[in-house]
1. In degrees between 0 and 90, to the nearest 10, how far off the longest principal axis of the chain does helix 59-68 point, with axes built from Cα atoms?
2. With point charges of +1 on the Cβ of Lys and Arg and -1 on the Cβ of Asp and Glu, referenced to the Cα centre of the chain, which listed residue (A243, G41, T110) lies farthest in the positive direction of the dipole?
3. How big is the dipole moment of the chain about its Cα centre under a simple scheme where the beta carbon of each Lys and Arg is +1, that of each Asp and Glu is -1, and everything else is neutral? Debye, nearest 20, please.
4. Run the simple label-point estimate for R91 and D40 please: 7 Å along Cα→C-beta, distance reported in nm.
5. What whole-number value in Å² describes the accessible area per residue of the chain for a 1.4 Å probe?
6. What FRET efficiency comes out for the pair R323/R141, r = Cβ-Cβ distance, R0 = 41 Å, nearest 0.05?
7. Going highest first, how would you order 11-18, 163-170 by mean Cβ packing within 10 Å?
8. Find the percent of Cα-Cα distances in region 48-133 that exceed 20 Å, and round it to a whole number.
Amino acid sequence: MDLPVMPPVKPMLAKSVKTIPPGMQYEAKWDGFRAIVHRDGGELVLGSRTGKPLTRYFPELVTALAARLPERCVIDGEIVIAHEGRLDFDRLTERIHPAASRVRTLAERTPARFVAFDLLALGDRSLLDTPLTERRAELERVLDGVDAPVHLAPATHDIEVARGWFERYEGAGLDGVIAKPLDLPYRPDARLMYKIKHERTADVVVAGYRFHKTGPVVGSLLLGLYDDRGTLQHVGVCAAFTARRRAELVEELEPLRMDPPDAHPWAAWTDEAAHEGNRLPGAPSRWSGKKDLSWVALRPERVCEVGYDHMEGDRFRHTAQFRRWRPDRTPRSCGYEQLEEPVSYDLDQVLSGSG
């Protein structure tokens, strides 16, 4: 492979802001695997956000991209999988599997798509120093008429359209809106774009914690919600405490500590079979590797309010943010019914630009 921009390349990133800034190019924020495609004739590499290749996990995309992209190019985009009209991150993570036979089966059963939104190189030209508006125009030209499973990400300069996308597209599983300055060059690994994500709050049960990597202080609180069967389901964690607060929380939560944790709702978390039909902490995952997933069990008697952006099925998609303790709430009152459900929206309408 001999391209003007060679792999690995870390993608340009975005920093969070509360509102959509004016005077920019706006795109939907895709919830998938960020990927930079390098193609040089018969050679094609899918690079991940960390720079490690994703090529072996998406053989159907390698074939599709080779048939649809220019002979020599570098394109930034997102790998996504859709299910029942919306993005499905859980099905996407299933593709990171060591067995090639399993990957091939999933490629047929749940084929992936690639959504292109930036052009880093074309032919012998590097476009890293080219302003965004020119890169976008060239991307639209080379992908004119492209068909599934490769898509050109819809973009607009109209802030009112972007606000409409922010409200509607969540129903298709999208994560918010990205705003890009019009004269922005491409700067790998730099946070020069802006992301505007949904934020909501929920009252959740604190049922345990994990220690921080620095020592015997709280790293994250384990959160639960009661389902309609009365079962406490693990829905995620909240973190981002100061070092002082981490130490204080160990003492504050000590009276609730269950040792041994035999009577805890999640006591069976080490039994892989117990995870079937239930959400327990420490679920087996190819992502965790050798990471220590052990945790300290607490009597599920305290409630806190957290901020979250959106749900992935019946759990928080990302780490929630601690807001405050809620001594006025009982644990049993913390159920899924409090969570706001976005209005359903079909992903194909997003990708077609008709939404």
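The values are calculated or read from the model by the stated rules, or taken from the named source; none is laboratory data. No experiment lies behind these values; they were computed from the predicted model shown. No Cβ is skipped: glycine too gets one built from the backbone with ideal geometry, and neighbour counts run over all protein chains shown. Keep in mind that these areas ignore ligands, DNA and RNA; they rest on the heavy atoms of the full protein, side chains included. Shrake-Rupley method; radii C 1.70, N 1.55, O 1.52, S 1.80 Å.
1. 30 degrees
2. A243
3. 1020 debye
4. Label at R91, label at D40, 3.5 nm between them.
5. 47 Å²
6. It comes to 0.30.
7. Numbers: 11-18: 14.9, 163-170: 19.0.
Highest-to-lowest ranking by the protection proxy: 163-170, 11-18.
8. For region 48-133, the share of Cα pairs beyond 20 Å comes to 41 percent.
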